[in-house]
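Q: Pasting a structure here, questions to come.
The values are calculated or read from the model by the stated rules, or taken from the named source; none is laboratory data. Keep in mind it's a predicted model, so treat the numbers as computed, not measured. Positions of Cβ are generated from backbone atoms using ideal geometry, with glycine treated the same way; all protein chains shown enter the neighbour counts.
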Amino acid sequence: MIEKVIEVKNLTKSFKLFSTNKDRLLNIIPFVNKKFDMHISLDNISFDVKKGEFVSIIGKNGSGKSTLLKILCGVLQKTSGEYIVNGSIVSLLELGTGFNPELSGRENIIASSKTMNFDTNYIYSKIDEIEAFADLEEYFDMPIKTYSSGMYVRLAMSLFLHLNPDIFIIDEALSVGDIFFQQKCFSKIEEMRKKGVAFLFVSHDINTVLNMSDRVLLLDHSKQIYFGDKHEACKLYYDSDKKEKYKKTVQIDSSQILESVNEKDALISQIYKHNIFDFDQLNQNKDTCIKACMVEDENGKLTTSVDLMKSLTFYFIIRIEENIKNPSIVLKIKDKYNNKISVVNKNIFSREQLIKLSIVFSIQPGQYSIDLSLANRMELNKGCNLVDYPNFTIIDINFDYTKNEPPFYGIAHIENSLQIERIIK
């Protein structure tokens, strides 16, 4: 039987919120009416982490992720429930906490390890490995007040990844540094996992969660929504950005389906059944509108997550007024900085129709949002939007840099060819 290093059962954490300092003072006086509001930060959470397992915790800001980690690390006390931690913990809740800016990188490594009660002889035996991993060259023996922010986090990650705990708890720290340093970090984590080190990881980076996790815990508004398969958890997490759709897909009245499509058309029925966006909220009885959309990958799986250089297929049911002469469907793909990475603009017909649009995602792995529009082209490169569906969905492009050579470097792949015409000499 695989040993559980963390086991949490019905864990709850609540805080008393006081309106005034007077109310706070009255709370400690016996036999006096107390005035406070109770805030629930964690509500009946249960999960476990096995030896050598990588478990991620995801959820919106304020869902209770960091509170949960702080309880497991002993920073906060639970209100009720129970948890068991079998083994030593290293927690990376904030990179570089406790570093002294006047000390060198080497001196901070030794001082921090003593603070965390790790054996000094062990750290001295690892100091050369830590120095090589951080790759700070002469800066390793200079005061860290001279470091850039990137150098600072490289030093902190290098220290923590060379300690020898049973459990490693990380809060949003695996996206530090450049891609080559991240590759080293991920390789080191895999090496530690093979030795039985368990990881509990909090992140908003779904690409990392999908690549690294064995299981995923999803929290929302202090409650546990799901614990288990990482793909299902991430799908539910994406749905949370679509107006409280954690537990259900968009509901379409069956009579509406029968009015607009032939009941025998199985594909159209499937599109309505697996519709990923609440179009009705923005349609407002418009004659030109998108009525439903379904997304699947190359294997026919319903998902908005795709591997790099693979395709997703979008199925749209669209209605266009007959007086619209040059209608088109427009997808704007935007990165986390709100930059337009690509715009897909395709002509369609002026009637009710089923459209199939396939897109190969040959852009840098990560999360991207899609804005969707129906437009009317007036002339070359000019037109007007008829209806907009901002933040229509989120696309997650996955690639495991620790195990594969990327097909390209940079933001996007550009088709190219090389041919040697002849050998001159």
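Q: Considering every residue within the range 36-59, establish whether at least one is in contact with a Leu (Cβ under 6 Å, 6 or more places away or on another chain), more than 30 Å from Arg193 (Cβ to Cβ) and exposed (fewer than 14 other Cβ atoms within 10 Å of the Cβ).
A: The answer is yes, given that some residue of the range 36-59 is in contact with a Leu (Cβ under 6 Å, 6 or more places away or on another chain), more than 30 Å from Arg193 (Cβ to Cβ) and exposed (fewer than 14 other Cβ atoms within 10 Å of the Cβ).
Q: Another question, then. Return the only residue of Lys13, Lys4 being touching a residue at least 40 places away in the same chain (Cβ under 8 Å) and either surrounded by fewer than 18 Cβ atoms within 10 Å (Cβ to Cβ) or within 22 Å of the chain's Cα centre (by Cα) (or both).
A: Going through Lys13, Lys4 in turn, just one is touching a residue at least 40 places away in the same chain (Cβ under 8 Å) and either surrounded by fewer than 18 Cβ atoms within 10 Å (Cβ to Cβ) or within 22 Å of the chain's Cα centre (by Cα) (or both): Lys4.
Q: Would you mind finding the one in Leu103, Leu93 that is touching a strand residue (DSSP E or B) at 6+ places or on another chain (Cβ under 9 Å) and closer than 27 Å to Val209 by Cβ?
A: Every option except Leu93 fails the conditions.
Q: Would you pick out the residues in the range 64-99 that are among the polar types (S, T, N, Q), in a loop (DSSP other than H, G, I, E, B) and modelled with pLDDT of 90 or more?
A: Of everything in the range 64-99, those that are among the polar types (S, T, N, Q), in a loop (DSSP other than H, G, I, E, B) and modelled with pLDDT of 90 or more turn out to be Gln77, Thr79, Asn86.
Q: Quick one: how many residues across the range 296-323 are in contact (Cβ under 8 Å) with a residue 40 or more places away in the chain, more than 21 Å from Ala375 (Cβ to Cβ) and either of a type in the set (Val, Ile, Thr) or part of a loop (DSSP other than H, G, I, E, B) (or both)?
A: Going through the range 296-323 one residue at a time, the tally reaches 7.
Q: Separate question: Name every residue in the range 141-157 that is assigned to a helix (DSSP H, G or I) and either aliphatic (A, V, I, L, M) or touching a strand residue (DSSP E or B) at 6+ places or on another chain (Cβ under 7 Å) (or both), in order of residue number.
A: Across the range 141-157, the qualifying residues are Asp141, Ile144, Met151, Val153, Leu155, Ala156, Met157.
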